[in-house]
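Okay, structure first, notes after.
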């Protein structure tokens, strides 16, 4: 198999395995994806997926403490971690190729045999509450949380993945066990491996580790789409040194073919130090130190977000300037800007794929979320075919006044003047 090509196998247990050989490396990355996250949680169980991810590292039947778990990987120079997002939970390890069997053993042990001891749950409950408190204390994180709630009010996408202090306090051990029994099944998981390894040996390791593992039912995804008919503004007053703001609108799902056009639009408008927002807002007007845009694509919807830290005395001027740049770019970016965005997208993609963990994530997440995989060449072809008219059409459809959302955290009083600026 040539480098960067992948192979897919489904084991007897129902576990899907994606493999990508990178023989030029001396390391290997193993990622286990679980189809669960905040978009699978009811309001009362908000944060339970994140809670479970934490708890899997607290001790298993084979390794009774978090220290034993971490030492098994760190003792051979590897890295072990996990993460919970809206649509996926992941457990991953990167280490020297000759220790791949250790990685398989540790991660399958984590997700198959966690102890969930009552005393550990109570300790970790407080740890997670402090994690939530830290996010609430950070203006940059807090303003993003406010924006999410504005864009998807009352929906899973609008909640913090970690939940709230109230929901985390209320989660019980019985709820945790029932959720693990339903979601942590091989039919709801995928293992993705990239780096230097022998594929036959890997599949044998995973088959042995999955003996007796029973497939489960497909869990229910909670739709987060929300209709919006007018612009929204929310200001949280705080005595900070600068105003943190996020301006966002609903974007495109991971299944929408126009998502690549939106990605290029974002790069031209707000990514890198030569984009429109950085050049105009920071370099020419001196209104911000950091300003950038980014795009997210989910199964049912997506988002386009601009984030900035603004001089407190120049908040309204900065908002006007940002909206002017959006409006101008919506009417059409130049051929030179499209060429630069196109090369930026391809270059970033290629640079990221030098990392085996990124490669494993690239293939594994696509397979989990979409049941199909686009290779680097597939994406490159799509990017090369995007025209100025494609970007103008997509931007014209998405960037309208009634879809705007603006969240602010800082020393700003809500007297209605900022809401009056919200027009494109």
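The values are calculated or read from the model by the stated rules, or taken from the named source; none is laboratory data. These figures come from a predicted structure and were not determined experimentally. Backbone-built Cβ (ideal geometry, glycine too); neighbour counts: all protein chains shown.
Points to keep in mind about this one:
- Top-ranked residue of the stretch 162-178 - restricted to ones that are buried (at least 20 other Cβ atoms within 10 Å of the Cβ) and over 22 Å from residue 235 (Cα atoms), ranked as nearest to the chain's Cα centre (by Cα): 162
- Among the conditions (1) touching a helix residue (DSSP H, G or I) at 6+ places or on another chain (Cβ under 8 Å); (2) under 30 Å from residue 191 (Cα atoms); (3) surrounded by fewer than 18 Cβ atoms within 10 Å (Cβ to Cβ), residue 378 misses just one, which is (1).
So that you can scan it fast, the table gives a plain yes or no per residue for (1) in contact (Cβ under 8 Å) with a residue 60 or more places away in the chain; (2) closer than 30 Å to residue 241 by Cβ; (3) assigned by TED's automatic domain parsing to the domain that holds residue 271; (4) in contact with a strand residue (DSSP E or B) (Cβ under 9 Å, 6 or more places away or on another chain):
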position	(1), (2), (3), (4)
345	yes, no, yes, no
351	no, no, yes, no
380	no, no, yes, no
388	no, no, yes, no
396	yes, no, yes, no
409	yes, yes, yes, yes
415	no, yes, yes, no
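- For the stretch 286-310, taking the residues that are free of Cβ contacts under 8 Å to residues at least 60 places away in the same chain and out of contact with any strand residue (DSSP E or B) (no Cβ under 8 Å at 6 or more places or on another chain), the one that is surrounded by the fewest Cβ atoms within 10 Å (Cβ to Cβ) is identified as 286.
- Scanning the stretch 90-111 turns up no residue that is touching a residue at least 60 places away in the same chain (Cβ under 8 Å) and closer than 21 Å to residue 149 by Cα.
- Verdict on residue 124 being surrounded by fewer than 15 Cβ atoms within 10 Å (Cβ to Cβ), assigned to a helix (DSSP H, G or I), at pLDDT 95 or above and more than 19 Å from the chain's Cα centre (by Cα): no
- Residues being within 20 Å of the chain's Cα centre (by Cα) and either closer than 30 Å to residue 418 by Cβ or exposed (fewer than 13 other Cβ atoms within 10 Å of the Cβ) (or both) - total across the stretch 323-353: 2
- Among (1) over 21 Å from residue 390 (Cα atoms); (2) surrounded by fewer than 15 Cβ atoms within 10 Å (Cβ to Cβ); (3) in contact (Cβ under 8 Å) with a residue 12 or more places away in the chain - the single one residue 364 does not satisfy: (2)
- Subset tally (residues that are more than 25 Å from residue 218 (Cα to Cα), surrounded by fewer than 20 Cβ atoms within 10 Å (Cβ to Cβ) and touching a helix residue (DSSP H, G or I) at 6+ places or on another chain (Cβ under 7 Å)) for the stretch 146-161: 1
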